[in-house]
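So the structure is just underneath, and the comments pick up after that.
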Amino acid sequence: MFKKNKLPIIFMIATILTLMSACSIFDQTKQPEEAPSNTDSTPPEKDTIEEPGNKQEEQAVDLPADSLQKLDKGEQVLQLQNALNHIGYELNENGEYDEATTWAITDFQLQHDSLLVSGLYDEQTKIALDEAIDNDVEVVAGAGLPQTAEPAFTSSGTEVIANPYEQLALINKEHALPADYIPEDLVIPNVPFPFSEDTPKKQMREAAAKSLEDLFAAAEKFGLELFAISGYRSFDRQDAIFASNALKHGEEEANTFSARPGESEHQTGLSMDVTSPEVDFELVTEFENTKEGQWIQENAAEFGFIVRFPEGKEEITKYMYEPWHLRYVGEKAAKEITAQGITLEEYLGETE
């Protein structure tokens, strides 16, 4: 009996073991399918390497290639205004080298000891601007020269200009220099003087002095004898000179040939009176008839000078004809003024 019923039991046990083995194999083969899958269509984050040129760069700031000055217009002036705004100024980008642009350049130059202050955009100013842009320097606008100032007037009622540093500053009976203005770059040009003592009237601003040396050297090559006689003159010195002339001739007549204090171009450091032995080193109208005087009329502009008070323009300049009085305005302006036969007032649009 026992032996007879033993086979079904063994068969049942074998069947159970077979089923268990099959289930185990099924689980092992199914397990990878049941593993969590990434159903998100976004690929997993990974570190990326930016290819050159993929990064958005800041817009390049281009600087003008040419020198620029007041009254210039065009694309290069627009470039300059954009560059100045990039470092901290807030100019109207109108493509016109106006008073505001002149102020900004002057202010920038005053903040750099290495630059001559002129209000003109020149090669050295370009280099300094380029360096400021490359180094992300932000200028404090107005730290060198405030853009706005309280209106000021001389004792005679003449308005005092806000920017006495600029090379094209107009100084006359309507526009005066501050009483305390003294150019910081005064030097003595290496030219002949009819006196030996060192006095302030030998001095000129550096750029003007260098150009005067070039002018005298060129004249000497033609066998001419030019002498410098009166350059820089302080406010106080001009005050004493005008008072003396007014005492001798009366104030109204004196003011036809002598400036009131503050109204003299000599205070700018950009003017020099010249003479020659032929007129005994005096400042007289006869100088125009000398070889030296005639050469000055024809060639001064090549060196950046104009005869500031020309004959026939007395109604505009309000001063008598002075063929000996040279004013430095830079080569570009000097050539344009001379070619057109106009005065500095006319060139700057400051005629009544």
Hey, does segment 140-159 have a residue that's under 14 Å from Leu68 (Cα atoms), within 17 Å of the chain's Cα centre (by Cα), in a loop (DSSP other than H, G, I, E, B) and small (Gly, Ala, Ser)? no
Evaluate the following for Pro183: is it closer than 29 Å to Glu225 by Cα, in the same structural domain as Ala333 (by TED's automatic domain parsing), part of a loop (DSSP other than H, G, I, E, B) and touching a Phe, Trp or Tyr at 6+ places or on another chain (Cβ under 9 Å)? yes
Residue by residue through segment 234-270, note down the ones that are surrounded by fewer than 23 Cβ atoms within 10 Å (Cβ to Cβ) and closer than 19 Å to Phe195 by Cβ. Ser234, Arg237, Ala240, Ile241
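Restricted to segment 65-118, and to residues that are among the acidic types (Asp, Glu) and assigned to a loop (DSSP other than H, G, I, E, B), which residue is nearest to Glu184 (Cα to Cα)? Working first, answer last.
Step one: filter segment 65-118 for residues among the acidic types (Asp, Glu), giving 66, 72, 75, 90, 93, 96, 98-99, 107, 113.
After this cut, where a residue has to be assigned to a loop (DSSP other than H, G, I, E, B) as well, the list is 66, 72, 90, 93, 98, 113.
Numbers: Asp66: 26, Asp72: 27, Glu90: 27, Glu93: 31, Asp98: 24, Asp113: 11 Å.
Once the filter is applied, the top-ranked residue is Asp113.
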State which residue is surrounded by the most Cβ atoms within 10 Å (Cβ to Cβ) when the search covers only segment 303-343 and only residues that are of a type in the set (D, E, K, R) and more than 23 Å from the chain's Cα centre (by Cα). Arg308
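Listed residues Glu311, Glu286, Glu298; which is acidic (Asp, Glu) and closer than 17 Å to Gly223 by Cα? Walk me through it before giving the result.
Working: Glu311 fails: closer than 17 Å to Gly223 by Cα; Glu286 fails: closer than 17 Å to Gly223 by Cα.
Being acidic (Asp, Glu) and closer than 17 Å to Gly223 by Cα holds for just one of Glu311, Glu286, Glu298, which is Glu298.
Can you tell me which residue within segment 95-132, out of those that are among the small types (Gly, Ala, Ser) and out of contact with any His (no Cβ under 8 Å at 6 or more places or on another chain), is farthest from Ile161 (Cα to Cα)?
First pass over segment 95-132, keeping only residues among the small types (Gly, Ala, Ser): 95, 100, 104, 114, 118-119, 128, 132.
Still in the list and also out of contact with any His (no Cβ under 8 Å at 6 or more places or on another chain): 95, 100, 104, 114, 118-119, 132.
Details: Gly95: 24, Ala100: 14, Ala104: 16, Ser114: 25, Ser118: 15, Gly119: 14, Ala132: 29 Å.
Here the residue is Ala132.
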Out of the residues in segment 296-349 meeting the condition of being outside any helix (DSSP H, G or I) and among the small types (Gly, Ala, Ser), tell me which one is nearest to Gln167 (Cα to Cα). Gly330
Specify the residue that is surrounded by the most Cβ atoms within 10 Å (Cβ to Cβ); the eligible residues are those in segment 64-102 that are within 25 Å of Ala334 (Cβ to Cβ) and of a type in the set (A, V, I, L, M, F, W, C). Leu80
Pairs please, first residue from segment 227-252 and part of a helix (DSSP H, G or I), second anywhere and modelled with pLDDT of 95 or more and of a type in the set (S, T, N, Q), Cβ atoms under 7 Å, 6+ apart in sequence or on different chains. Phe235/Gln267; Gln238/Ser264; Gln238/Gln267
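So, Gln167, is that one under 24 Å from the mean Cα position of the chain (by Cα), of a type outside the set (A, V, I, L, M, F, W, C) and assigned to a loop (DSSP other than H, G, I, E, B) or not?
On the way: under 24 Å from the mean Cα position of the chain (by Cα): yes; of a type outside the set (A, V, I, L, M, F, W, C): yes; assigned to a loop (DSSP other than H, G, I, E, B): yes.
Judged against the criteria, Gln167 is a match.
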Could you please let me know if Leu283 is assigned to a loop (DSSP other than H, G, I, E, B) and not charged (D, E, K, R)? yes
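Could you say which residue among Ile133, Ile105 is of a type in the set (A, V, I, L, M) and under 23 Å from Glu331 (Cβ atoms)? Even if it seems obvious, please write down each step before you answer.
Details: Ile133 fails: under 23 Å from Glu331 (Cβ atoms).
Matching residue, one of Ile133, Ile105: Ile105.
Is it the case that Leu215 is of a type in the set (A, V, I, L, M, F, W, C), touching a residue at least 24 places away in the same chain (Cβ under 8 Å) and not assigned by TED's automatic domain parsing to the domain that holds Asp113?
Yes.
The values are calculated or read from the model by the stated rules, or taken from the named source; none is laboratory data. Since this is a predicted model, take the numbers as computed values, not measurements. No Cβ is skipped: glycine too gets one built from the backbone with ideal geometry, and neighbour counts run over all protein chains shown.
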